[in-house]
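The values are calculated or read from the model by the stated rules, or taken from the named source; none is laboratory data. Note that this is a predicted model, so its numbers are computed, not measured. Ideal geometry is used to build each Cβ from the backbone, glycine not excepted, and the neighbour counts take in all protein chains shown. We work out accessible area using only protein heavy atoms, side chains counted, and drop any ligands, DNA or RNA first. Shrake-Rupley method; radii C 1.70, N 1.55, O 1.52, S 1.80 Å.
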Amino acid sequence: QVQLVESGGGLVQPGGSLRLSCAASGSIFSINSMGWYRQAPGKQRELVAIITTGGSTVYGDSVKGRFTISRDNAKNTVALQMNSLKPEDTAVYYCNLGVGSSHYWGQGTQVIVSS
């Protein structure tokens, strides 16, 4: 069984920063990727950023240049540094773990960007 525990969400003013963290535990073998998705009210879940075991990254167009994803392979953790936050970044952020052909999700952490 795989568990993903997220932390770091909260309320921040526009232009501010937040750092999300996710720790994976359990029966984890051959991790392909770790990353973050988000879902705003009334919208579909969308890619924020993913990082492979080799360090390759993919970012959603709306966060390029503002968000940075990093990963500690030894600890099975992934972090998302979010800078220059905008109100449209408000969403529930979900940690994602890709293992073989399977994907696992965290419970989500709320990020609210508002003055």
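Spin-label pair GLN3-ARG66: with each label point 7 Å from Cα along the Cα-Cβ axis, the two points sit 3.3 nm from one another. To the nearest 20 Debye, how big is the dipole of the chain about its Cα centre, given +1 on the beta carbon of each Lys and Arg and -1 on that of each Asp and Glu? The calculation lands at about 80 debye. When only alpha carbons are used to place a centre, the range 56-86 and the range 93-115 end up 12 Å from one another. If you take the alpha carbon atoms of the range 1-55 and fit the smallest convex hull around them, that volume is 121 Å³ per residue. Taking 18 Å as the straight-line reach from the Cα of LYS43, the lysines in range (excluding those fewer than 8 positions away in the same chain) are LYS86.
Taking the three principal axes of the alpha carbon atoms in the range 43-103, the coordinate ranges are 34, 22, 18 Å, sorted in descending order.
Starting from the coordinates of the alpha-carbon atoms of the chain, obtain the Kirkwood hydrodynamic radius over all distinct pairs and give the value in Å to one decimal. Before the final figure, lay out each step's value.
Details: mean 1/r = 0.0712 Å⁻¹.
When all Cα pairs of the chain are included, the Kirkwood radius is 14.1 Å.
State in Å² the accessible area per residue of the range 29-76; use a 1.4 Å probe, count heavy atoms of protein chains only, and round to the nearest integer.
Per residue, the range 29-76 has an accessible area of 59 Å².
Multiplying the residue separation of GLN39 and SER101 by 0.36 nm and removing their Cα-Cα distance gives an extension gain of 20.1 nm. Ligands, DNA and RNA left out, the accessible area of the range 19-115 computed with a 1.4 Å probe is 49% carbon and sulfur.
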